[in-house]
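One structure is given here, and the rest of the page talks about it.
The values are calculated or read from the model by the stated rules, or taken from the named source; none is laboratory data. This one's a predicted model, so the numbers in the text were calculated from it and none came from an experiment. All Cβ positions, even for glycine, are placed from backbone atoms using ideal geometry, and neighbour counts span all protein chains on display. Ligands, DNA and RNA are stripped out before the accessible areas are found, and what is left, the full protein with its side chains, is counted by its heavy atoms. Shrake-Rupley method; radii C 1.70, N 1.55, O 1.52, S 1.80 Å.
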Amino acid sequence: TQNITVLYDGDMAGIKASMRRIDMLLEQGLKIRVCLLPDGEDPDSFAKKHRDSELQDYLAAESKDFLLFKADILSKEAGNDPIKRASMVNEILKSISCVKDNIERAFYVKECAKLFDLSENDLNLNLRRFVWEKTKEQSRIAQQQQQQIQQQGGVTVPMDGTQSEVPDIIETKKHPEI
């Protein structure tokens, strides 16, 4: 399934851990919900203390879509400070930029605009910048990998980014002296 509910401890360390991992999961094309456990609980202890049905009920009641989760947590930290609120919205937009599907991304922007009373156009401007930066970084990484592969020999990487191995037998026929 593409739908994942991530359970984290309810303490600040658990919250910070969830923030760092959300984007990695979104980049894999997963649909992320986050559920914080009560203070002092970890997923193992919570599961041992509750029946399966209680755990399911808790997840249904307490899990939130990643956008709402981040908005709740970051809004508390930002308060009414406009600079912190702008930073918070940009952090949320960076997460939205990890969503692969353009239509899903558009709905997240629409939801973000409603939550923070901002225009979708302004949000989309920053989102495009984050998507561009991510694309540029991925291209840079792909070029580095291509260079490493070419240095090792035996593999070519066409300009379209796909990889194809050149069988050793072809290399041998090109260089019969080897």
When region 106-129 is examined, which residues are found to be open to solvent by less than 90 Å² (accessible area, probe 1.4 Å), more than 17 Å from residue 70 (Cα to Cα) and of a type in the set (A, V, I, L, M, F, W, C)? 106
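This table checks each residue for (1) within 25 Å of residue 28 (Cβ to Cβ); (2) of a type outside the set (Ser, Thr, Tyr); (3) in contact with a helix residue (DSSP H, G or I) (Cβ under 6 Å, 6 or more places away or on another chain).
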{"site": "62", "(1), (2), (3)": "yes, yes, no"}
{"site": "85", "(1), (2), (3)": "no, yes, yes"}
{"site": "92", "(1), (2), (3)": "yes, yes, yes"}
{"site": "103", "(1), (2), (3)": "yes, yes, no"}
{"site": "106", "(1), (2), (3)": "yes, yes, no"}
{"site": "113", "(1), (2), (3)": "no, yes, yes"}
{"site": "125", "(1), (2), (3)": "no, yes, no"}
{"site": "134", "(1), (2), (3)": "yes, yes, no"}
Could you please find all residues in region 38-53 being open to solvent by 70 Å² or more (accessible area, probe 1.4 Å) and part of a helix (DSSP H, G or I)? 44, 48, 49, 52
When you look at residue 67, is it open to solvent by less than 40 Å² (accessible area, probe 1.4 Å) and more than 22 Å from residue 12 (Cβ to Cβ), yes or no? no
Could you say whether any residue in region 165-177 is touching a strand residue (DSSP E or B) at 6+ places or on another chain (Cβ under 9 Å) and either open to solvent by 70 Å² or more (accessible area, probe 1.4 Å) or at pLDDT below 90 (or both)? yes
Going by the structure shown, is residue 70 of a type in the set (Lys, Arg) and at pLDDT 90 or above? yes
For region 70-83, which residues satisfy the criterion of being under 22 Å from the mean Cα position of the chain (by Cα) and either in contact (Cβ under 8 Å) with a residue 40 or more places away in the chain or open to solvent by 70 Å² or more (accessible area, probe 1.4 Å) (or both)? 70, 71, 73, 76, 77
Which of (1) in contact with an Asp or Glu (Cβ under 7 Å, 6 or more places away or on another chain); (2) outside any loop (DSSP other than H, G, I, E, B); (3) touching a residue at least 40 places away in the same chain (Cβ under 8 Å); (4) of a type outside the set (Val, Ile, Thr) is the odd one out, the single condition residue 18 does not satisfy? (1)
Condition met for residue 86 (open to solvent by 30 Å² or more (accessible area, probe 1.4 Å), part of a helix (DSSP H, G or I) and more than 21 Å from residue 118 (Cβ to Cβ)): no
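Among the residues of region 117-125, are any polar (S, T, N, Q), closer than 22 Å to residue 20 by Cα and in contact (Cβ under 8 Å) with a residue 12 or more places away in the chain? Give the derivation first.
First pass over region 117-125, keeping only residues polar (S, T, N, Q): 119, 121, 124.
Checking which are closer than 22 Å to residue 20 by Cα leaves us with none.
For region 117-125, residues polar (S, T, N, Q), closer than 22 Å to residue 20 by Cα and in contact (Cβ under 8 Å) with a residue 12 or more places away in the chain: absent.
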Give me the residue from region 8-37 that is within 9 Å of the chain's Cα centre (by Cα) and open to solvent by 70 Å² or more (accessible area, probe 1.4 Å) and, out of that set, nearest to residue 104 (Cα to Cα). 28
